[in-house]
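The values are calculated or read from the model by the stated rules, or taken from the named source; none is laboratory data. This is a predicted model, so every value here is computed, not measured. Cβ placement follows ideal geometry from the backbone for every residue including glycine, while neighbour counts extend to all protein chains displayed. Accessible surface areas use protein heavy atoms only, side chains included; no ligands, DNA or RNA. Shrake-Rupley method; radii C 1.70, N 1.55, O 1.52, S 1.80 Å.
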Protein chains: 2
Amino acid sequence: MPEQKAQEMLYQARDFAEKAGVTVRALHHYDHLGLLKPTRRTEAGYRLYAEQDFARLQQIVTLKFLGMSLKQIKLLLQQGHFDVLLQLQIQRQAMEEKRRHLDRAIQAIHGAERALASGEKPNSEIYKTIIEVIEMQTNTEWLKKYYTEDQLADLAKRNTPEIMEKAQNDWAVLIQDVEANLQEDPASPTAQSLAARWAKLVEGFTMGSPELAANLSSLYKDEANWPTTFKKLYSDEVEAFIKQAMAIRKQAG
Amino acid sequence: MPEQKAQEMLYQARDFAEKAGVTVRALHHYDHLGLLKPTRRTEAGYRLYAEQDFARLQQIVTLKFLGMSLKQIKLLLQQGHFDVLLQLQIQRQAMEEKRRHLDRAIQAIHGAERALASGEKPNSEIYKTIIEVIEMQTNTEWLKKYYTEDQLADLAKRNTPEIMEKAQNDWAVLIQDVEANLQEDPASPTAQSLAARWAKLVEGFTMGSPELAANLSSLYKDEANWPTTFKKLYSDEVEAFIKQAMAIRKQAG
DNA sequence: CTAAAGTCTGACGTAACGTCAGACGCAAGG
DNA sequence: CCTTGCGTCTGACGTTACGTCAGACTTTAG
(Lines give C-alpha, C1' and ligand atoms only; values in the text may rest on other atoms or scores of the structure.)
Protein backbone atom coordinates (compact mmCIF):
# COMPACT_ATOMS: atom_id res chain seq x y z
CA MET A 1 0.00 0.00 0.00
CA PRO A 2 1.63 3.25 -1.20
CA GLU A 3 2.12 5.89 1.45
CA GLN A 4 1.04 9.48 1.05
CA LYS A 5 3.56 11.78 2.69
CA ALA A 6 2.63 15.39 2.17
CA GLN A 7 3.50 15.91 -1.50
CA GLU A 8 5.75 12.90 -1.97
CA MET A 9 4.69 9.42 -2.95
CA LEU A 10 6.72 6.86 -1.11
CA TYR A 11 6.74 3.12 -1.67
CA GLN A 12 7.62 0.38 0.72
CA ALA A 13 9.97 -2.36 -0.41
CA ARG A 14 7.42 -4.86 -1.65
CA ASP A 15 5.27 -2.41 -3.58
CA PHE A 16 8.28 -0.80 -5.11
CA ALA A 17 9.74 -4.13 -6.13
CA GLU A 18 6.53 -5.30 -7.76
CA LYS A 19 6.12 -2.03 -9.59
CA ALA A 20 9.45 -2.65 -11.26
CA GLY A 21 9.20 -6.40 -11.59
CA VAL A 22 12.06 -7.31 -9.31
CA THR A 23 12.25 -9.00 -5.91
CA VAL A 24 12.63 -7.38 -2.52
CA ARG A 25 15.84 -9.28 -2.09
CA ALA A 26 17.18 -7.69 -5.23
CA LEU A 27 16.46 -4.27 -3.75
CA HIS A 28 18.39 -5.25 -0.64
CA HIS A 29 21.19 -6.38 -2.88
CA TYR A 30 21.31 -3.16 -4.88
CA ASP A 31 21.21 -1.19 -1.67
CA HIS A 32 24.06 -3.23 -0.30
CA LEU A 33 26.13 -2.61 -3.42
CA GLY A 34 25.41 1.09 -3.23
CA LEU A 35 23.72 0.83 -6.59
CA LEU A 36 20.33 2.05 -5.44
CA LYS A 37 19.78 3.49 -1.97
CA PRO A 38 16.20 4.27 -0.95
CA THR A 39 15.42 7.97 -0.62
CA ARG A 40 14.35 7.59 3.00
CA ARG A 41 14.14 5.10 5.83
CA THR A 42 11.53 4.95 8.58
CA GLU A 43 12.73 5.17 12.15
CA ALA A 44 12.56 1.42 12.33
CA GLY A 45 14.83 1.13 9.30
CA TYR A 46 12.19 0.29 6.68
CA ARG A 47 13.21 1.33 3.17
CA LEU A 48 11.06 3.99 1.49
CA TYR A 49 11.47 4.60 -2.24
CA ALA A 50 10.36 7.64 -4.22
CA GLU A 51 9.67 8.21 -7.91
CA GLN A 52 13.20 9.29 -8.63
CA ASP A 53 14.37 5.96 -7.28
CA PHE A 54 12.07 4.28 -9.74
CA ALA A 55 13.73 5.99 -12.67
CA ARG A 56 17.07 4.73 -11.51
CA LEU A 57 15.78 1.23 -10.97
CA GLN A 58 14.41 1.32 -14.50
CA GLN A 59 17.85 2.09 -15.82
CA ILE A 60 19.36 -0.70 -13.79
CA VAL A 61 16.83 -3.24 -15.01
CA THR A 62 17.26 -2.08 -18.57
CA LEU A 63 21.02 -2.34 -18.54
CA LYS A 64 20.73 -5.73 -16.92
CA PHE A 65 18.46 -6.82 -19.74
CA LEU A 66 21.18 -5.70 -22.08
CA GLY A 67 23.52 -8.12 -20.37
CA MET A 68 25.58 -5.79 -18.21
CA SER A 69 26.94 -6.71 -14.81
CA LEU A 70 25.92 -4.74 -11.76
CA LYS A 71 29.48 -3.55 -11.44
CA GLN A 72 29.46 -2.09 -14.93
CA ILE A 73 26.04 -0.61 -14.34
CA LYS A 74 27.22 1.10 -11.20
CA LEU A 75 30.13 2.66 -13.03
CA LEU A 76 27.97 3.80 -15.92
CA LEU A 77 25.34 5.33 -13.69
CA GLN A 78 27.75 7.13 -11.45
CA GLN A 79 30.02 8.58 -14.07
CA GLY A 80 27.24 10.02 -16.13
CA HIS A 81 26.40 9.17 -19.71
CA PHE A 82 29.37 10.50 -21.58
CA ASP A 83 30.43 7.13 -22.82
CA VAL A 84 27.41 4.96 -22.26
CA LEU A 85 26.95 4.54 -25.98
CA LEU A 86 30.48 3.24 -26.41
CA GLN A 87 29.98 0.80 -23.55
CA LEU A 88 26.77 -0.38 -25.15
CA GLN A 89 28.53 -1.05 -28.41
CA ILE A 90 31.25 -3.00 -26.67
CA GLN A 91 28.54 -4.89 -24.85
CA ARG A 92 26.75 -5.61 -28.10
CA GLN A 93 29.84 -7.12 -29.64
CA ALA A 94 30.30 -9.38 -26.65
CA MET A 95 26.70 -10.49 -26.93
CA GLU A 96 27.05 -11.17 -30.61
CA GLU A 97 29.89 -13.49 -29.82
CA LYS A 98 27.83 -15.26 -27.22
CA ARG A 99 25.12 -15.63 -29.77
CA ARG A 100 27.49 -17.22 -32.23
CA HIS A 101 28.45 -19.72 -29.58
CA LEU A 102 24.82 -20.46 -28.85
CA ASP A 103 24.09 -20.88 -32.53
CA ARG A 104 26.84 -23.38 -32.95
CA ALA A 105 25.74 -25.34 -29.92
CA ILE A 106 22.12 -25.37 -31.07
CA GLN A 107 23.15 -26.45 -34.53
CA ALA A 108 25.31 -29.18 -33.09
CA ILE A 109 22.43 -30.61 -31.12
CA HIS A 110 20.16 -30.33 -34.13
CA GLY A 111 22.72 -32.13 -36.23
CA ALA A 112 23.14 -34.90 -33.71
CA GLU A 113 19.39 -35.28 -33.38
CA ARG A 114 19.06 -35.70 -37.11
CA ALA A 115 21.96 -38.11 -37.41
CA LEU A 116 20.60 -40.27 -34.62
CA ALA A 117 16.98 -40.05 -35.72
CA SER A 118 17.90 -41.14 -39.22
CA GLY A 119 19.24 -44.31 -37.69
CA GLU A 120 22.52 -44.15 -39.51
CA LYS A 121 24.29 -43.89 -36.22
CA PRO A 122 23.58 -45.96 -33.16
CA ASN A 123 22.43 -44.06 -30.14
CA SER A 124 25.51 -45.17 -28.28
CA GLU A 125 27.74 -43.09 -30.52
CA ILE A 126 25.94 -39.97 -29.55
CA TYR A 127 29.04 -38.23 -28.25
CA LYS A 128 31.10 -39.06 -31.29
CA THR A 129 28.33 -37.78 -33.50
CA ILE A 130 28.07 -34.51 -31.65
CA ILE A 131 31.79 -33.99 -31.84
CA GLU A 132 31.68 -34.67 -35.56
CA VAL A 133 28.99 -32.09 -36.03
CA ILE A 134 30.90 -29.50 -34.08
CA GLU A 135 34.05 -30.19 -36.03
CA MET A 136 32.20 -30.02 -39.30
CA GLN A 137 31.11 -26.51 -38.42
CA THR A 138 34.68 -25.30 -38.29
CA ASN A 139 36.12 -27.53 -40.97
CA THR A 140 34.87 -27.03 -44.48
CA GLU A 141 37.64 -28.90 -46.28
CA TRP A 142 35.27 -31.42 -47.77
CA LEU A 143 33.43 -28.72 -49.68
CA LYS A 144 36.49 -28.38 -51.93
CA LYS A 145 35.42 -31.48 -53.73
CA TYR A 146 32.52 -29.59 -55.20
CA TYR A 147 33.56 -25.98 -55.46
CA THR A 148 36.64 -24.33 -56.85
CA GLU A 149 38.86 -22.38 -54.50
CA ASP A 150 37.71 -19.22 -56.20
CA GLN A 151 34.10 -19.96 -55.62
CA LEU A 152 34.69 -20.80 -51.98
CA ALA A 153 36.71 -17.63 -51.50
CA ASP A 154 33.94 -15.66 -53.09
CA LEU A 155 31.33 -17.28 -50.89
CA ALA A 156 33.44 -16.66 -47.83
CA LYS A 157 33.79 -13.02 -48.74
CA ARG A 158 30.09 -12.52 -49.29
CA ASN A 159 28.91 -14.69 -46.46
CA THR A 160 30.40 -13.65 -43.18
CA PRO A 161 30.35 -16.25 -40.40
CA GLU A 162 27.27 -14.62 -38.95
CA ILE A 163 25.37 -14.84 -42.19
CA MET A 164 26.42 -18.45 -42.71
CA GLU A 165 25.29 -19.46 -39.27
CA LYS A 166 22.06 -17.63 -39.64
CA ALA A 167 21.49 -19.33 -42.94
CA GLN A 168 22.05 -22.70 -41.29
CA ASN A 169 19.45 -21.79 -38.80
CA ASP A 170 17.09 -20.57 -41.49
CA TRP A 171 17.32 -23.97 -43.07
CA ALA A 172 16.70 -25.77 -39.83
CA VAL A 173 13.59 -23.70 -39.14
CA LEU A 174 12.28 -24.10 -42.63
CA ILE A 175 12.83 -27.84 -42.64
CA GLN A 176 10.98 -28.10 -39.36
CA ASP A 177 8.12 -26.15 -40.85
CA VAL A 178 8.03 -28.37 -43.87
CA GLU A 179 8.02 -31.46 -41.73
CA ALA A 180 5.06 -30.09 -39.84
CA ASN A 181 3.13 -29.68 -43.09
CA LEU A 182 3.90 -32.85 -44.98
CA GLN A 183 0.22 -33.72 -45.04
CA GLU A 184 -0.62 -30.59 -47.00
CA ASP A 185 -1.35 -30.62 -50.70
CA PRO A 186 1.84 -29.43 -52.46
CA ALA A 187 -0.38 -27.05 -54.40
CA SER A 188 -1.89 -25.49 -51.29
CA PRO A 189 -0.98 -21.93 -50.31
CA THR A 190 0.83 -23.20 -47.23
CA ALA A 191 2.97 -25.53 -49.29
CA GLN A 192 3.60 -22.90 -51.89
CA SER A 193 4.68 -20.45 -49.26
CA LEU A 194 7.12 -23.04 -47.96
CA ALA A 195 8.39 -23.59 -51.47
CA ALA A 196 8.86 -19.86 -51.83
CA ARG A 197 10.94 -19.75 -48.68
CA TRP A 198 12.94 -22.72 -49.92
CA ALA A 199 13.66 -21.06 -53.22
CA LYS A 200 14.64 -17.92 -51.42
CA LEU A 201 17.18 -19.71 -49.28
CA VAL A 202 18.68 -21.48 -52.26
CA GLU A 203 18.93 -18.19 -54.08
CA GLY A 204 20.42 -16.60 -51.03
CA PHE A 205 23.22 -19.11 -51.27
CA THR A 206 23.85 -19.04 -54.98
CA MET A 207 23.16 -15.34 -55.21
CA GLY A 208 21.95 -15.78 -58.74
CA SER A 209 25.15 -17.35 -60.01
CA PRO A 210 24.39 -20.27 -62.36
CA GLU A 211 27.82 -21.84 -61.76
CA LEU A 212 27.20 -21.99 -58.04
CA ALA A 213 23.75 -23.37 -58.60
CA ALA A 214 25.19 -26.09 -60.80
CA ASN A 215 27.82 -27.03 -58.23
CA LEU A 216 25.26 -27.03 -55.47
CA SER A 217 23.18 -29.39 -57.51
CA SER A 218 26.12 -31.73 -58.12
CA LEU A 219 26.88 -31.66 -54.44
CA TYR A 220 23.38 -32.77 -53.60
CA LYS A 221 23.44 -35.54 -56.14
CA ASP A 222 26.63 -36.99 -54.67
CA GLU A 223 24.95 -37.79 -51.38
CA ALA A 224 27.02 -40.92 -50.93
CA ASN A 225 30.18 -38.92 -50.39
CA TRP A 226 29.00 -36.39 -47.87
CA PRO A 227 30.53 -36.35 -44.43
CA THR A 228 28.34 -38.41 -42.17
CA THR A 229 26.93 -35.54 -40.22
CA PHE A 230 25.84 -33.67 -43.29
CA LYS A 231 23.69 -36.54 -44.37
CA LYS A 232 20.01 -36.16 -43.89
CA LEU A 233 19.88 -32.45 -43.50
CA TYR A 234 16.30 -33.20 -44.38
CA SER A 235 14.41 -36.42 -44.77
CA ASP A 236 13.42 -38.07 -48.03
CA GLU A 237 9.82 -37.12 -47.33
CA VAL A 238 10.76 -33.49 -47.09
CA GLU A 239 12.74 -33.75 -50.30
CA ALA A 240 9.86 -35.33 -52.18
CA PHE A 241 7.39 -32.81 -50.85
CA ILE A 242 9.50 -29.83 -51.79
CA LYS A 243 10.22 -31.26 -55.21
CA GLN A 244 6.51 -31.47 -55.94
CA ALA A 245 5.77 -28.07 -54.52
CA MET A 246 8.57 -26.50 -56.53
CA ALA A 247 7.34 -28.10 -59.71
CA ILE A 248 3.89 -26.64 -59.18
CA ARG A 249 5.45 -23.32 -58.29
CA LYS A 250 7.38 -23.15 -61.55
CA GLN A 251 4.28 -24.07 -63.51
CA ALA A 252 2.28 -21.39 -61.76
CA GLY A 253 4.98 -18.89 -61.62
CA MET B 1 56.17 -35.14 -21.86
CA PRO B 2 54.14 -38.35 -22.16
CA GLU B 3 55.30 -41.31 -20.16
CA GLN B 4 55.81 -44.73 -21.64
CA LYS B 5 54.69 -47.38 -19.19
CA ALA B 6 54.95 -50.82 -20.66
CA GLN B 7 51.98 -50.89 -23.02
CA GLU B 8 50.07 -47.94 -21.58
CA MET B 9 50.47 -44.31 -22.54
CA LEU B 10 50.11 -42.12 -19.50
CA TYR B 11 49.93 -38.37 -19.44
CA GLN B 12 50.84 -36.02 -16.68
CA ALA B 13 48.40 -33.25 -15.76
CA ARG B 14 49.80 -30.49 -17.95
CA ASP B 15 50.19 -32.55 -21.10
CA PHE B 16 46.81 -34.07 -20.67
CA ALA B 17 45.21 -30.72 -20.12
CA GLU B 18 46.80 -29.19 -23.19
CA LYS B 19 45.86 -32.17 -25.31
CA ALA B 20 42.23 -31.45 -24.51
CA GLY B 21 42.40 -27.70 -24.42
CA VAL B 22 41.60 -27.24 -20.75
CA THR B 23 43.62 -26.05 -17.77
CA VAL B 24 45.30 -28.13 -15.11
CA ARG B 25 43.11 -26.44 -12.56
CA ALA B 26 40.06 -27.66 -14.43
CA LEU B 27 41.37 -31.20 -14.15
CA HIS B 28 41.77 -30.75 -10.41
CA HIS B 29 38.25 -29.46 -10.30
CA TYR B 30 36.79 -32.36 -12.22
CA ASP B 31 38.72 -34.75 -10.03
CA HIS B 32 37.39 -33.03 -6.95
CA LEU B 33 33.83 -33.32 -8.22
CA GLY B 34 34.35 -36.97 -9.01
CA LEU B 35 33.63 -36.19 -12.63
CA LEU B 36 36.96 -37.40 -13.94
CA LYS B 37 39.43 -39.26 -11.75
CA PRO B 38 42.85 -40.02 -13.25
CA THR B 39 43.50 -43.67 -13.96
CA ARG B 40 46.54 -43.73 -11.74
CA ARG B 41 48.57 -41.67 -9.35
CA THR B 42 52.33 -41.76 -8.76
CA GLU B 43 53.57 -42.52 -5.27
CA ALA B 44 53.97 -38.80 -4.75
CA GLY B 45 50.36 -38.25 -5.69
CA TYR B 46 50.87 -36.92 -9.23
CA ARG B 47 47.89 -37.53 -11.47
CA LEU B 48 48.40 -39.83 -14.44
CA TYR B 49 45.79 -39.94 -17.19
CA ALA B 50 45.31 -42.64 -19.81
CA GLU B 51 43.59 -42.68 -23.19
CA GLN B 52 40.31 -43.81 -21.74
CA ASP B 53 40.37 -40.74 -19.52
CA PHE B 54 40.78 -38.66 -22.62
CA ALA B 55 37.60 -40.02 -24.15
CA ARG B 56 35.73 -39.08 -21.03
CA LEU B 57 37.26 -35.64 -20.92
CA GLN B 58 36.18 -35.17 -24.53
CA GLN B 59 32.63 -35.90 -23.58
CA ILE B 60 32.80 -33.48 -20.70
CA VAL B 61 34.19 -30.70 -22.85
CA THR B 62 31.63 -31.39 -25.54
CA LEU B 63 28.67 -31.29 -23.20
CA LYS B 64 30.06 -28.15 -21.65
CA PHE B 65 30.20 -26.60 -25.10
CA LEU B 66 26.57 -27.50 -25.44
CA GLY B 67 25.87 -25.45 -22.35
CA MET B 68 25.43 -28.12 -19.73
CA SER B 69 26.45 -27.71 -16.11
CA LEU B 70 29.01 -30.05 -14.60
CA LYS B 71 26.33 -31.45 -12.36
CA GLN B 72 24.14 -32.39 -15.29
CA ILE B 73 27.14 -33.80 -17.12
CA LYS B 74 28.04 -35.97 -14.17
CA LEU B 75 24.53 -37.38 -14.04
CA LEU B 76 24.45 -38.02 -17.77
CA LEU B 77 27.81 -39.73 -17.81
CA GLN B 78 27.15 -41.94 -14.85
CA GLN B 79 23.69 -43.09 -15.70
CA GLY B 80 24.59 -44.10 -19.19
CA HIS B 81 23.17 -42.71 -22.39
CA PHE B 82 19.63 -43.94 -22.23
CA ASP B 83 18.19 -40.49 -22.13
CA VAL B 84 21.01 -38.29 -23.24
CA LEU B 85 19.16 -37.37 -26.36
CA LEU B 86 16.17 -36.17 -24.41
CA GLN B 87 18.41 -34.12 -22.16
CA LEU B 88 20.03 -32.62 -25.20
CA GLN B 89 16.71 -31.59 -26.62
CA ILE B 90 15.71 -29.97 -23.38
CA GLN B 91 19.04 -28.25 -23.33
CA ARG B 92 18.54 -27.03 -26.88
CA GLN B 93 15.24 -25.44 -26.02
CA ALA B 94 16.80 -23.61 -23.12
CA MET B 95 19.54 -22.36 -25.39
CA GLU B 96 17.07 -21.23 -27.99
CA GLU B 97 15.40 -19.13 -25.37
CA LYS B 98 18.68 -17.62 -24.37
CA ARG B 99 19.28 -16.88 -28.00
CA ARG B 100 16.00 -15.03 -28.27
CA HIS B 101 16.92 -12.95 -25.27
CA LEU B 102 20.29 -12.13 -26.78
CA ASP B 103 18.68 -11.20 -30.05
CA ARG B 104 16.32 -8.81 -28.40
CA ALA B 105 19.08 -7.21 -26.40
CA ILE B 106 21.29 -6.84 -29.45
CA GLN B 107 18.44 -5.38 -31.44
CA ALA B 108 17.69 -2.96 -28.64
CA ILE B 109 21.23 -1.67 -28.63
CA HIS B 110 21.21 -1.45 -32.41
CA GLY B 111 17.98 0.49 -32.29
CA ALA B 112 19.27 2.88 -29.68
CA GLU B 113 22.47 3.40 -31.62
CA ARG B 114 20.50 4.33 -34.71
CA ALA B 115 18.11 6.62 -32.89
CA LEU B 116 20.95 8.45 -31.21
CA ALA B 117 23.18 8.55 -34.27
CA SER B 118 20.42 10.05 -36.35
CA GLY B 119 20.41 12.93 -33.92
CA GLU B 120 16.68 12.85 -33.39
CA LYS B 121 17.23 12.07 -29.76
CA PRO B 122 19.73 13.79 -27.51
CA ASN B 123 22.37 11.53 -26.05
CA SER B 124 21.09 12.25 -22.58
CA GLU B 125 17.88 10.38 -23.29
CA ILE B 126 19.76 7.23 -24.03
CA TYR B 127 17.98 5.19 -21.37
CA LYS B 128 14.54 6.32 -22.42
CA THR B 129 15.38 5.49 -25.99
CA ILE B 130 16.56 2.02 -25.13
CA ILE B 131 13.45 1.35 -23.13
CA GLU B 132 11.34 2.53 -26.03
CA VAL B 133 13.10 0.16 -28.37
CA ILE B 134 12.63 -2.75 -26.02
CA GLU B 135 8.97 -1.96 -25.59
CA MET B 136 8.48 -1.60 -29.30
CA GLN B 137 9.73 -5.13 -29.72
CA THR B 138 6.88 -6.50 -27.68
CA ASN B 139 4.26 -3.96 -28.60
CA THR B 140 3.09 -3.88 -32.18
CA GLU B 141 -0.09 -1.89 -31.65
CA TRP B 142 0.98 0.90 -33.94
CA LEU B 143 1.14 -1.46 -36.89
CA LYS B 144 -2.65 -1.62 -36.83
CA LYS B 145 -2.75 1.74 -38.52
CA TYR B 146 -1.42 0.15 -41.66
CA TYR B 147 -2.58 -3.44 -41.67
CA THR B 148 -5.94 -5.01 -41.10
CA GLU B 149 -6.37 -7.34 -38.14
CA ASP B 150 -6.64 -10.20 -40.55
CA GLN B 151 -3.38 -9.42 -42.20
CA LEU B 152 -1.59 -9.07 -38.90
CA ALA B 153 -3.03 -12.34 -37.66
CA ASP B 154 -1.91 -13.98 -40.85
CA LEU B 155 1.57 -12.55 -40.53
CA ALA B 156 1.73 -13.63 -36.92
CA LYS B 157 0.73 -17.14 -37.87
CA ARG B 158 3.28 -17.44 -40.60
CA ASN B 159 6.05 -15.59 -38.84
CA THR B 160 6.82 -17.12 -35.49
CA PRO B 161 8.67 -14.92 -33.01
CA GLU B 162 11.92 -16.59 -33.95
CA ILE B 163 11.47 -15.86 -37.61
CA MET B 164 10.47 -12.27 -36.92
CA GLU B 165 13.50 -11.66 -34.78
CA LYS B 166 15.75 -13.28 -37.28
CA ALA B 167 14.28 -11.16 -40.01
CA GLN B 168 14.95 -8.04 -37.96
CA ASN B 169 18.50 -9.13 -37.70
CA ASP B 170 18.70 -9.90 -41.38
CA TRP B 171 17.70 -6.34 -42.08
CA ALA B 172 20.24 -4.95 -39.68
CA VAL B 173 23.04 -6.96 -41.28
CA LEU B 174 21.97 -6.06 -44.77
CA ILE B 175 21.71 -2.37 -43.98
CA GLN B 176 25.18 -2.45 -42.49
CA ASP B 177 26.46 -4.09 -45.64
CA VAL B 178 24.78 -1.50 -47.80
CA GLU B 179 26.24 1.31 -45.74
CA ALA B 180 29.67 -0.18 -46.24
CA ASN B 181 29.21 -0.11 -49.99
CA LEU B 182 27.59 3.25 -50.62
CA GLN B 183 30.53 4.29 -52.80
CA GLU B 184 29.85 1.45 -55.24
CA ASP B 185 28.18 2.00 -58.58
CA PRO B 186 24.53 0.91 -58.16
CA ALA B 187 25.00 -1.13 -61.32
CA SER B 188 28.04 -2.99 -59.99
CA PRO B 189 27.74 -6.68 -59.14
CA THR B 190 28.23 -5.90 -55.46
CA ALA B 191 25.39 -3.41 -55.47
CA GLN B 192 23.18 -5.73 -57.46
CA SER B 193 23.82 -8.52 -55.04
CA LEU B 194 22.77 -6.21 -52.22
CA ALA B 195 19.66 -5.28 -54.15
CA ALA B 196 18.91 -8.95 -54.59
CA ARG B 197 19.18 -9.52 -50.87
CA TRP B 198 16.97 -6.51 -50.26
CA ALA B 199 14.30 -7.76 -52.61
CA LYS B 200 14.50 -11.14 -51.00
CA LEU B 201 13.85 -9.75 -47.55
CA VAL B 202 10.93 -7.70 -48.76
CA GLU B 203 9.49 -10.74 -50.45
CA GLY B 204 10.11 -12.74 -47.33
CA PHE B 205 7.84 -10.34 -45.52
CA THR B 206 5.07 -9.98 -48.06
CA MET B 207 5.31 -13.63 -49.10
CA GLY B 208 4.13 -12.71 -52.55
CA SER B 209 0.91 -11.09 -51.42
CA PRO B 210 0.21 -7.89 -53.37
CA GLU B 211 -2.06 -6.52 -50.62
CA LEU B 212 0.68 -6.83 -48.05
CA ALA B 213 3.15 -5.25 -50.43
CA ALA B 214 0.80 -2.32 -50.92
CA ASN B 215 0.32 -1.83 -47.20
CA LEU B 216 4.04 -2.08 -46.60
CA SER B 217 4.55 0.61 -49.18
CA SER B 218 1.97 2.89 -47.59
CA LEU B 219 3.59 2.32 -44.22
CA TYR B 220 6.93 3.47 -45.57
CA LYS B 221 5.47 6.54 -47.15
CA ASP B 222 3.89 7.65 -43.90
CA GLU B 223 7.26 8.08 -42.22
CA ALA B 224 6.01 11.06 -40.23
CA ASN B 225 3.75 8.87 -38.15
CA TRP B 226 6.09 6.06 -37.21
CA PRO B 227 6.95 5.54 -33.57
CA THR B 228 10.16 7.37 -32.85
CA THR B 229 12.29 4.32 -32.52
CA PHE B 230 11.25 2.93 -35.84
CA LYS B 231 12.45 6.00 -37.61
CA LYS B 232 15.63 5.75 -39.53
CA LEU B 233 15.85 2.02 -39.76
CA TYR B 234 18.18 3.04 -42.54
CA SER B 235 19.57 6.38 -43.62
CA ASP B 236 18.43 8.44 -46.59
CA GLU B 237 21.68 7.54 -48.33
CA VAL B 238 20.90 3.86 -48.02
CA GLU B 239 17.40 4.44 -49.30
CA ALA B 240 18.59 6.39 -52.33
CA PHE B 241 21.26 3.82 -53.10
CA ILE B 242 18.88 0.90 -52.94
CA LYS B 243 16.29 2.74 -54.99
CA GLN B 244 18.80 3.18 -57.78
CA ALA B 245 20.09 -0.36 -57.54
CA MET B 246 16.57 -1.77 -57.60
CA ALA B 247 15.69 0.29 -60.66
CA ILE B 248 18.69 -1.09 -62.52
CA ARG B 249 17.84 -4.55 -61.28
CA LYS B 250 14.34 -4.39 -62.68
CA GLN B 251 15.64 -3.11 -65.97
CA ALA B 252 18.17 -5.92 -66.21
CA GLY B 253 16.05 -8.66 -64.72
C1' DC C 1 73.84 -30.74 -5.48
C1' DT C 2 71.11 -26.86 -6.71
C1' DA C 3 68.02 -24.15 -9.22
C1' DA C 4 64.08 -24.18 -12.20
C1' DA C 5 59.68 -26.27 -13.27
C1' DG C 6 55.90 -28.83 -12.42
C1' DT C 7 52.44 -30.83 -9.03
C1' DC C 8 49.79 -31.28 -4.81
C1' DT C 9 46.29 -29.74 -1.44
C1' DG C 10 43.63 -26.35 0.69
C1' DA C 11 41.22 -22.00 0.69
C1' DC C 12 39.43 -17.59 -0.70
C1' DG C 13 37.23 -14.78 -4.59
C1' DT C 14 33.79 -14.14 -8.24
C1' DA C 15 28.00 -12.69 -9.71
C1' DA C 16 23.59 -11.98 -8.43
C1' DC C 17 20.83 -12.94 -5.85
C1' DG C 18 17.77 -17.30 -3.33
C1' DT C 19 16.91 -18.99 0.89
C1' DC C 20 16.76 -19.54 5.59
C1' DA C 21 17.18 -17.73 10.50
C1' DG C 22 16.38 -14.74 14.26
C1' DA C 23 14.61 -10.39 15.67
C1' DC C 24 11.65 -6.55 15.25
C1' DG C 25 7.39 -3.46 13.37
C1' DC C 26 2.62 -2.77 12.70
C1' DA C 27 -2.33 -3.12 12.43
C1' DA C 28 -6.48 -5.80 13.74
C1' DG C 29 -9.13 -9.07 16.61
C1' DG C 30 -10.14 -11.02 21.18
C1' DC D 1 -3.19 -5.52 26.62
C1' DC D 2 -1.89 -9.40 24.24
C1' DT D 3 -1.80 -12.37 20.39
C1' DT D 4 -1.87 -13.39 15.37
C1' DG D 5 -0.38 -12.65 10.91
C1' DC D 6 2.15 -10.38 7.73
C1' DG D 7 5.99 -7.41 6.38
C1' DT D 8 10.80 -5.85 6.97
C1' DC D 9 15.56 -5.86 8.62
C1' DT D 10 20.24 -7.70 8.93
C1' DG D 11 23.50 -11.25 8.54
C1' DA D 12 25.19 -15.46 6.48
C1' DC D 13 25.54 -19.57 3.78
C1' DG D 14 24.68 -21.82 -0.98
C1' DT D 15 25.27 -21.72 -5.95
C1' DT D 16 28.87 -22.29 -10.69
C1' DA D 17 33.30 -23.31 -12.58
C1' DC D 18 37.02 -22.61 -12.04
C1' DG D 19 41.24 -18.46 -11.26
C1' DT D 20 44.54 -17.31 -8.22
C1' DC D 21 47.55 -17.43 -4.56
C1' DA D 22 50.16 -19.92 -0.73
C1' DG D 23 53.04 -23.33 1.27
C1' DA D 24 55.13 -27.75 0.67
C1' DC D 25 56.88 -31.39 -2.34
C1' DT D 26 58.84 -33.87 -6.47
C1' DT D 27 61.20 -34.20 -10.55
C1' DT D 28 64.58 -32.93 -13.81
C1' DA D 29 68.20 -30.49 -16.23
C1' DG D 30 72.84 -28.81 -15.60
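Values for this structure:
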read-out: Amide proton proximity set for B:L10, modelled H, under 5 Å, gap of 5+; value: B:E3, B:K5
read-out: Chain B: DSSP helices with Cα axial extent of at least 15 Å and average Kyte-Doolittle hydropathy no lower than -1.0; value: B:51-65, B:84-117, B:126-138, B:161-180, B:189-206, B:210-221, B:236-252
read-out: Listed residue pairs exceeding 30 Å between alpha carbons, taken from A:K98/B:K128; A:K71/B:K64; A:K145/B:K64; value: A:K145/B:K64
read-out: Interface A:B - total buried accessible surface [probe 1.4 Å, Å², rounded to 100]; value: 4900 Å²
read-out: Pseudo-label separations to other copies for A:S235 - Cα-to-Cβ vector, 7 Å, nm; value: 5.0
read-out: Label-point separation in nm, B:V24 to B:V61, each point 7 Å along Cα→Cβ; value: 1.8 nm
read-out: Mean separation of Cα contacts under 8 Å (6+ apart) over length of the range B:1-118, as relative contact order %; value: 16 percent
read-out: Taking the convex hull of Cα positions in the range A:1-105, its mean projected area over all directions (nm²); value: 8.3 nm²
read-out: Cβ-vector label at 7 Å, B:F82, separations to other copies in nm; value: 6.6
read-out: Shortest-first distances to equivalent copies, position B:Y220, nm, label 7 Å out along Cβ; value: 3.0
read-out: A:Q52-A:L86 pseudo-label distance in nm [points 7 Å out on the Cα-to-Cβ vector]; value: 2.9 nm
read-out: Accessible area expressed per residue, the protein assembly as shown, with surrounding protein chains retained (probe 1.4 Å, Å²); value: 55 Å²
read-out: GluC sites (Glu not before Pro) lying in DSSP loop within the range A:30-124, provided at most 16 other Cβ fall within 10 Å; value: A:E43, A:E120
read-out: At least 40 Å² accessible surface lost relative to isolated chain, residues of the range B:67-113 (1.4 Å probe); value: B:H81, B:L85, B:L88, B:R92, B:M95, B:R99, B:H101, B:L102, B:A105, B:I106, B:I109, B:E113
